[in-house]
1. Among the residues of the stretch 276-292, how many are free of Cβ contacts under 8 Å to residues at least 40 places away in the same chain and under 20 Å from the mean Cα position of the chain (by Cα)?
2. I need the full set of residues from the stretch 222-236 which are surrounded by 22 or more Cβ atoms within 10 Å (Cβ to Cβ) and charged (D, E, K, R), in order please.
3. Checking Val89 against (1) more than 13 Å from the ligand (Cβ to nearest atom); (2) buried (at least 22 other Cβ atoms within 10 Å of the Cβ); (3) not in a helix (DSSP H, G or I), only one condition comes out false. Which one?
4. Answer yes or no as to whether Leu236 is free of Cβ contacts under 8 Å to residues at least 60 places away in the same chain, within 19 Å of Ile294 (Cβ to Cβ) and over 25 Å from the mean Cα position of the chain (by Cα).
5. Which count do you get for residues in the stretch 237-263 that are exposed (fewer than 11 other Cβ atoms within 10 Å of the Cβ) and among the acidic types (Asp, Glu)?
6. Give me a count of the residues in the stretch 375-427 that are among the aliphatic types (A, V, I, L, M) and within 26 Å of the chain's Cα centre (by Cα).
7. Name the residue, out of Ser405, Ser375, that is buried (at least 16 other Cβ atoms within 10 Å of the Cβ), farther than 20 Å from Lys340 by Cβ and touching a strand residue (DSSP E or B) at 6+ places or on another chain (Cβ under 7 Å).
Amino acid sequence: MRKDKIAIIGLGYVGLPLARLFATKYSVVGFDINSDRISELMSGVDSTLEVDNETLQSVLIGEGSDQIGLFCTNQLDEIKDCNYYIITVPTPVDKNNRPILTPLIKASETVGSVLKKGDIVIYESTVYPGCTEEDCVPVLEKISGLKFNEDFYAGYSPERINPGDKEHTVEKILKVTSGSTPEVGEKVNDLYRSVITAGTHLAPTIKVAEASKVIENSQRDINIAFVNELAKIFNLMDINTNDVLEAAGTKWNFLPFKPGLVGGHCIGVDPYYLAQKAQEFGYNPEIILAGRRINDSMGEYVASEVIKLMIKKDIRIKKASVLVLGITFKENCPDVRNTKVIDVVSSLKEYGLDITIYDPWANSDEVLHEYNLKSIKSLPKQKFDAIVLTVAHNEFKDLDLESLSNLKSVVYDVKNFLPNNKKDMGL
Ligand SMILES: NC(=O)c1ccc[n+]([C@@H]2O[C@H](COP(=O)([O-])OP(=O)(O)OC[C@H]3O[C@@H](n4cnc5c(N)ncnc54)[C@H](O)[C@@H]3O)[C@@H](O)[C@H]2O)c1
């Protein structure tokens with residue numbers, strides 16, 4: 001019997017940690033279309049910081065090997081002899097918030113071109129229910145000429161990692177699995193169970209597994225939208241939202257959500273996948289889309305609150321200097337994709353303020369390339385009219401804000417990260 005050999009298609013935040021984990025027990029080939037990414041990984045460096053260099057280097061092996069370990073490539077030939085193909089490519093939305101399936105379809109074409117009898121293709125990308133079997137499998141069938149559930153099989157196992165979180169790493173998060181037949185479901189489940197120490201949950205169908213993931217993120221989005229709405233209401237009433245949440249949180253079943261900017265490529269994006277599918281079925285999802293609207297409005301809201309505080313303190317608005325602390329979409333992580341700090345910055349710019357963005361984690365070239373904004377990695381020697389803490393990076397905990405402030409500066413804390421005596425206001 002042939003030994004299992006796994007190809008992971010897409011070596012980003014999700015694909016690389018998974019490839020590294022499987023490579024401790026299987027022969028794994030990591031495939032990505034980005035040749036720069038392949039070069040950095042084969043030199044033992046992960047710029048996403050999800051896998052530390054030592055851990056990555058400990059599993060790397062040379063090409064063409066069937067040994068246990070990880071080889072990364074952009075050459076199709078190298079994945080031809082795999083029997084499991086796991087697809088972990090992006091699932092973004094367009095400017096009208098409609099799902100973009102292009103990377104999934106392209107990756108399915110890639111896999112379809114090397115697919116053989118008996119192979120299993122597992123999707124991990126976050127999608128709407130039905131996407132694997134209705135959108136991806138037909139591509140696999142068309143390109144390979146093979147028949148689904150006779151010649152080859154599919155599975156879906158959503159990823160639940162949280163970028164930057166060094167505690168809940170891939171092997172420590174219980175994983176939902178599924179397969180296109182009951183037997184394949186068991187096989188997919190066994191494959192993951194062999195490396196995921198937290199265990200697995202075998203869902204009855206692929207659609208159930210797909211739906212389970214998209215609702216996890218939609219639920220978070222809606223819960224955050226609720227506390228964001230509360231923050232707006234309590235601000236009008238001059239009540240500190242954080243104090244209210246702390247008091248309410250003493251009840252055993254009160255959910256501990258905090259107000260904030262909802263960025264990134266998961267929580268702020270995935271609900272649109274569910275919403276689109278619901279609309280195709282003739283249902284207009286009101287709560288899901290209301291949550292999205294509220295969360296997307298928070299950047300502009302924060303900016304307007306900062307301006308109000310500055311006016312109250314008689315700070316001249318035009319050309320006032322503002323220090324924005326953090327540009328990544330979340331704390332202690334270099335990921336700047338779909339960061340909602342951009343909304344705060346753009347709104348403040350509309351008022352004519354001069355913005356300095358300081359982020360020790362973000363790659364300045366990436367910020368310039370993605371957003372045409374300058375972000376600096378060391379603290380400026382300057383005093384500012386306003387300081388807006390937008391991301392709770394650990395480095396900001398002990399910042400000497402006084403040395404960065406003018407006599408009547410404003411300090412606004414989006415994350416409620418700073419002690420009350422160090423800020424004028426928080427969200
Ligand atoms: N990042 C997270 O925390 C997270 C968590 C859970 C689920 N997800 C989901 O996992 C999926 C992947 O997200 P990610 O954050 O890892 O994305 P990413 O952008 O970090 O990585 C995707 C990788 O896929 C590569 N790629 C794109 N098209 C390809 C193709 N046709 N063939 C081969 N490689 C290709 C890209 O070059 C990139 O390296 C998405 O559906 C996302 O919603 C992400």
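The values are calculated or read from the model by the stated rules, or taken from the named source; none is laboratory data. Worth saying up front: this structure is predicted, and the values here are computed from it rather than measured. Every residue, glycine among them, receives a Cβ derived from its backbone with ideal geometry; neighbour counts consider all protein chains shown.
1. 1
2. Hits for the stretch 222-236: nothing passes.
3. Looking at each condition in turn, Val89 falls short on (1).
4. Numbers: free of Cβ contacts under 8 Å to residues at least 60 places away in the same chain: yes; within 19 Å of Ile294 (Cβ to Cβ): yes; over 25 Å from the mean Cα position of the chain (by Cα): yes.
For Leu236, the condition - free of Cβ contacts under 8 Å to residues at least 60 places away in the same chain, within 19 Å of Ile294 (Cβ to Cβ) and over 25 Å from the mean Cα position of the chain (by Cα) - is met.
5. 1
6. The total comes to 8.
7. Going through Ser405, Ser375 in turn, the sole match is Ser405.
Listed here are the residues, each with its yes/no results for (1) of a type in the set (Gly, Ala, Ser); (2) within 15 Å of the ligand (Cβ to nearest atom); (3) in contact with a Cys (Cβ under 7 Å, 6 or more places away or on another chain).
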| residue | (1), (2), (3) |
| --- | --- |
| Gly69 | yes, no, no |
| Lys106 | no, yes, no |
| Glu109 | no, yes, no |
| Val114 | no, yes, no |
| Glu133 | no, no, no |
| Phe148 | no, no, no |
